[in-house]
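Readers should treat all values here as calculations from the given coordinates under stated rules, not as data from a laboratory. In this text the structure is predicted, and so the values were computed from the model without any measurement. Neighbour counts are summed over all protein chains in view; Cβ atoms, including those assigned to glycine, are modelled from backbone coordinates with ideal geometry.
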Amino acid sequence: MEHHLVLRVIAKLIIPLILLFALYVQFHGDYGPGGGFQAGVIFASGFILYALIYGIENLRKVVPLRFLRILSALGLMLYIGTGITGLLLGGNFLDYNVLGSDPVAGQHLGILLIELGVGITVASVMLMMFYVFAKP
Amino acid sequence: MTGIFSLVSACLFVTMGAVDVAFTEAAVGAGIATLLFLCTLALTSSEESPAVRHSWVSFFVVFLTGTILIYGTIDIPEFGDGTAPVHQHIAERYIETSQVEIGIPNMVTAVLASYRGYDTLGEVTVIFTAGIGVLILLGRGRREKLVKHDSDQVA
C-alpha cells in the first residue's frame with residue numbers, strides 16, 4: 001500500500017469525519033435517526049478503513065486487542081450497571097425513571113448511558129472480529 | 001453481491017421511512033459483512049480439509065435447540081394478522097405516550113432503549129457472546145501458530 005497516494009490522502013481526510021459522524025450518531029440518537037448500534041458500527045468502520053489503507057499492523061499498534069477485549073466487556077457492564085443502579089435507587093431493573101430528578105430527565109440519562117454501552121460493545125466487538133478475521 | 005443487495009435494501013428502507021434500520025443495513029450489511037466475507041475467502045484455502053469426527057452430543061444439542069425454537073414460533077400470530085396484539089394496543093400506546101413519558105423525539109430510540117430495554121440488553125449480550133466465540137475459534141489458533149513460529153525461529 002505504499003503507492004496509493006490518492007487513497008492515503010483521501011482516507012486521512014475522511015477518517016476523522018467518519019469518527020466524528022459516529023459520535024454524532026451516538027449522542028444525537030435521541031433526536032435523529034441512529035443510536036448506539038449504528039454509531040458503534042460506523043466507529044468501527046472508520047478504524048477498519050484505516051487498517052485497509054495503512055495496514056493492520058499499524059491499527060494493532062493504535063488499538064491493541066487486549067484493550068478491545070476489556071472495552072467490549074465494559075460496554076455490557078455499563079448497560080447492566082445502569083439497570084442495577086435503577087434497582088438500587090428503588091425502581092425495577094432497567095427502570096430509568098428513578099435516575100434523574102424527574103422521570104423524563106431520568107429516562108434521558110438512562111437511554112444515553114445504555115446507548116453508550118451498546119456503542120462501546122458493538123464498536124469493540126466489530127473491530128475484534130476484523131482483527132481475528134484479517135490475515136496477520 | 002451481498003454488499004450490493006444490502007445497499008439496495010438500505011435504500012429501500014430509506015424510501016419506506018425506516019431510517020434507523022437503513023443506517024444499520026448500510027453500515028453492517030454493505031460494509032463490514034462484505035469485508036468479513038472477503039477476509040474469510042483470503043483466510044481459507046480452496047480445498048476442503050478431511051472431515052473430522054462428528055459428535056453426537058453436539059448434534060443432539062443443536063437439534064434440541066432448533067426444535068425448541070420452532071416450537072416457539074407456533075405461538076407467533078400469522079403474518080399480516082390484524083388482530084395480533086401489536087396492532088391492537090401496543091403500537092398505539094407507544095405512539096401516544098412515548099413523548100410524555102420519555103420526552104425523546106426519536107420514537108425508535110425510545111422504544112428500543114426504554115420500553116424494550118431487556119430486548120436490547122439481550123442483543124448486546126448476543127453481540128458480546130459472538131465476539132467471544134470468534135475470539136475462541138480463531139484467536140487462539142493464531143496465537144499458537146505464532147508461538148510455534150517464534151520457537152521455530154529461536155531453534
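Among B:Cys11, B:Cys39, the order by Cβ neighbours within 10 angstrom, fewest to most, reads B:Cys11, B:Cys39. Taking a ≥ b ≥ c as the square roots of the eigenvalues of the Cα gyration tensor, segment B:1-84 is classed as oblate, since a/c reaches at least 1.5 and a/b does not exceed b/c. Taking a ≥ b ≥ c as the square roots of the Cα gyration tensor eigenvalues, with a/c under 1.5 meaning rounded and otherwise prolate when a/b beats b/c, else oblate, which class fits segment A:22-85? Taking the square roots of the gyration eigenvalues as a ≥ b ≥ c, segment A:22-85 is oblate.
Where only DSSP H runs of four or more residues are counted, chain A gives -26500 deg cm²/dmol as its mean residue ellipticity at 222 nm, each run worth -39500 (n - 2.57).
The mean number of Cβ atoms from other chains found within 10 Å of a Cβ in peptide B:23-35 is 5, as a whole number.
Modelled this way, with points 7 Å down the Cα-to-C-beta line, the labels at B:Val14 and B:Phe63 are 4.8 nm from one another.
Helix A:103-133 axis versus longest C-alpha principal axis of chain A: approximately 30°, rounded to the nearest ten.
Per residue of A:68-80, other chain Cβ atoms within 10 Å of the residue Cβ number 3 on average. Basic side chains Lys and Arg get +1 at the Cβ, acidic Asp and Glu get -1 at the Cβ, and with that the dipole of segment B:20-82 about its Cα centre reaches some 360 debye.
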